[in-house]
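Read the structure below first, then the notes.
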Amino acid sequence: MANNDSLLHYRKDSLATAVDHGSRSLFYNHELQPIHSTPVFTTVRTSYWPGIVLFLILSIYVLIKVTEPKKIVRVFLSVFSLQEAKQLFREEFKLTKRFSIFLVLCFILVGAFLIYVTNRYFGLILQNHSPLNQYAFFVALITISYLVKFTINYFLAFVSASSELGREYIFNVVVFAQTIGIVLFPFVVAMQFTSYPPEWFLYPSLVICLGFFVLRLFRGFLISVSEQNVGIIYIFLYLCGLEILPLLILIKFLMTNF
């Protein structure tokens, strides 16, 4: 009977010890202090829209490459050759053609994506909005900005009786935009899908944009100089009033109100 009592007592003590140890935390008796008293669930959501947008841009470029490969080469050459640009302007000025519309669409999507990444990287504006809403905002911003630019340019060309000069300037602006979209596309893809730091591709992209902007201003200067009865001072004021000043005002407005 004594042996049975000893055995029963031993089993109860062992069970109590096991239950006591089992109720303790795995990190019992350590120097780390818990931050949350309850479980914290992750709220990270996978965004699929960047892949969809970039795939759409790639599809359009592939379609253009397959259907009209020579025209893409001519657009590239027009950026670096004024003679080629004038020749292309005389042959195909109509910007409403399918080829031109697709390239402009890709430029808007690529440019908005680059601005979106830049805005997220530096934390500039719209930080309380979702990434998709930010991207949609920048798409609308680029579209409206260029529509306003073209409208003002047409108005000034009409007032100054320089319709042909205005049309040629708009053509060059569009050609530069189309080329920038093609050049920047690999960079935005790398920013989105590679594991390398985004600044490796972001800063070169911004430098490329600045270089194309300066080259476009120089192209506008050359086009205006070739026109008779147009003074250098008027050309400089025109380019500043139509290109540089609106851009600075737009940046200031966005930084202040958003």
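Every number in this text was worked out from the coordinates using simple rules, so none of it is lab data. Not measured: the values here are computed from a predicted model. Positions of Cβ are generated from backbone atoms using ideal geometry, with glycine treated the same way; all protein chains shown enter the neighbour counts.
Take the alpha carbon gyration tensor of region 132-208, find the square roots of its eigenvalues, order them as a ≥ b ≥ c, and report rounded if a/c is under 1.5; if not, report prolate when a/b exceeds b/c, else oblate. Prolate, since a/c reaches 1.5 and a/b exceeds b/c.
From the Cα gyration tensor of region 60-128, with a ≥ b ≥ c the square roots of its eigenvalues, which class applies: rounded if a/c is under 1.5, or else prolate if a/b is larger than b/c, or else oblate? If you can, show how the numbers build up before the last one.
Numbers: a/c = 2.86, a/b = 2.13, b/c = 1.34.
Judged from the Cα gyration tensor, region 60-128 comes out prolate (a/c at least 1.5, a/b above b/c).
Exceedance of the 24 Å cut-off in Cα-Cα distance is limited, within the set Lys86/Lys252; Lys65/Lys149; Lys149/Lys252; Lys86/Lys149, to Lys86/Lys252; Lys65/Lys149. With R₀ fixed at 41 Å, the C-beta to C-beta distance from Ser81 to Gln127 puts the FRET efficiency at about 0.45. Take the Cα of Glu199, go 7 Å toward its beta carbon, and the backbone nitrogen atoms of region 102-128 under 20 Å from that spot belong to 114-125.
How far, in nm, would the chain grow between Phe150 and Ser163 when pulled straight, counting 0.36 nm per residue and subtracting the alpha carbon separation? Please list the in-between numbers first.
Details: separation 13, 0.36 × 13 = 4.68 nm, distance 1.24 nm.
Length gained between Phe150 and Ser163: 3.4 nm.
Can you work out the PRE-style zone for Met255? Point 7 Å along Cα to Cβ, and I want the residues of region 121-152 with backbone N under 19 Å. 121-128, 138, 142, by backbone N distance to the label point.
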